[in-house]
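Before any comments, here is the structure.
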Amino acid sequence: MVTQIISTMETQVSNGPTSNSGLPNGPPLSANGAADDSKTNLIVNYLPQNMTQEEFKSLFGSIGEIESCKLVRDKITGQSLGYGFVNYVDPNDADKAINTLNGLKLQMKTIKVSYARPSSASIRDANLYVSGLPKSMSQKEMEQLFSQYGRIITSRILVDQVTGVSRGVGFIRFDKRIEAEEAIKGLNGQKPLGASEPITVKFANNPSQKTGQALLSHLYQTTARRYTGPLHHQTQRFRLDNLLNMAYGVKRFSPITIDSMTSLAGVNLTGASSGGWCIFVYNLSPEADESVLWQLFGPFGAVTNVKVIRDFATNKCKGFGFVTMTNYEEAAMAIASLNGYRLGDRILQVSFKTSKQHKA
DNA sequence: TGGTATT
């Protein structure tokens, strides 16, 4: 398992050689001679911690041809930093990826897909740590306070995990480092309007001063998770309820693109394993595409691949597809939850793939 | 001082 992790640490996926900038048919060039990928290059934020480069490429490759993509990882530990870049060949596919994958729920996360800003030193280290905020101040109010110094990319107020009350601590990421510097000059030690205490504004700690212990802990968890065998049925059902609540929140039968949950069928335990657990999904509509499979199965855990089987002549879905999931527990829960599930006007049949599936 | 927004 350690070997597997290390072998993917420096993986980069790219189709074709480095572009011949400036040659006929090469990419468009901006004024300074750099390739202009502003219409094709996307940044993807809030990825699940355990998503791999291969899963990342598979998800975004389902939209269109990828020029290159990279899941950004910690240089030392190899752990995902939770974001990545996808550069498409066709600007239309970049636009399509934003429209179809932005907001996609994967496990506990809702991913964000947007155009990447041109890479530049001026946009680095622009994240601020703010403390001493009035507990009553909302994220919106905090943004209003800081927006006079520049364009805010993200903001967050930390809350008590139990009560949900503000801890008076937050983060503000500006578009440009100089904007962050100006905000420190203007707001550090100042009292917001109506506040009784001054706030502290400084640059946020750079993430990732990971210790060797953190690396070992990560490797241990990764290794331990792979060999979990079948669970007792009761345990499975309990875990299923928990997972649905985690994935879908209180309205657990109403995920974004799914209109109703009609049944929770039993788990078919006959599936085989090799490089993951292959799941057979039957009764998809002719219009079904890969994104629907990502949306259906993504919330249940690590999905490494999805495939809609299409008719060669018409390119319409032949009514079925396959999903590969890494972990047995997650695959079993996805099957238990999605078998019998009504998608549009169709009742899905979902099971582990068997060698004689067509007889069903 | 969190979850991870510039390769």
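Structure notes:
- The range A:288-360: chymotrypsin sites (Phe, Trp or Tyr not before Pro) in DSSP coil with no more than 12 other Cβ atoms inside 10 Å: A:Phe312
- Accessible area per residue was computed with a 1.4 Å probe on protein heavy atoms; A:Ser196 scores about 90 Å².
- Solvent-accessible heavy-atom area per residue, rounded to whole Å², over the range A:294-348 at 1.4 Å: 36 Å²
- When A:Met333, A:Met137 are compared by accessible surface with a 1.4 Å probe, the order from highest to lowest is A:Met137, A:Met333.
- Pair A:Thr314, A:Asp175: separation of 7 Å Cα→Cβ label points (nm): 4.8 nm
The values are calculated or read from the model by the stated rules, or taken from the named source; none is laboratory data. For clarity, every value in this text was computed on a predicted model and none was experimentally measured. So basically every Cβ, Gly included, is an ideal-geometry build from the backbone, and we count neighbours across all protein chains shown. These area figures cover heavy atoms from the full protein model, side chains too; ligands, DNA and RNA do not enter into them. Shrake-Rupley method; radii C 1.70, N 1.55, O 1.52, S 1.80 Å.
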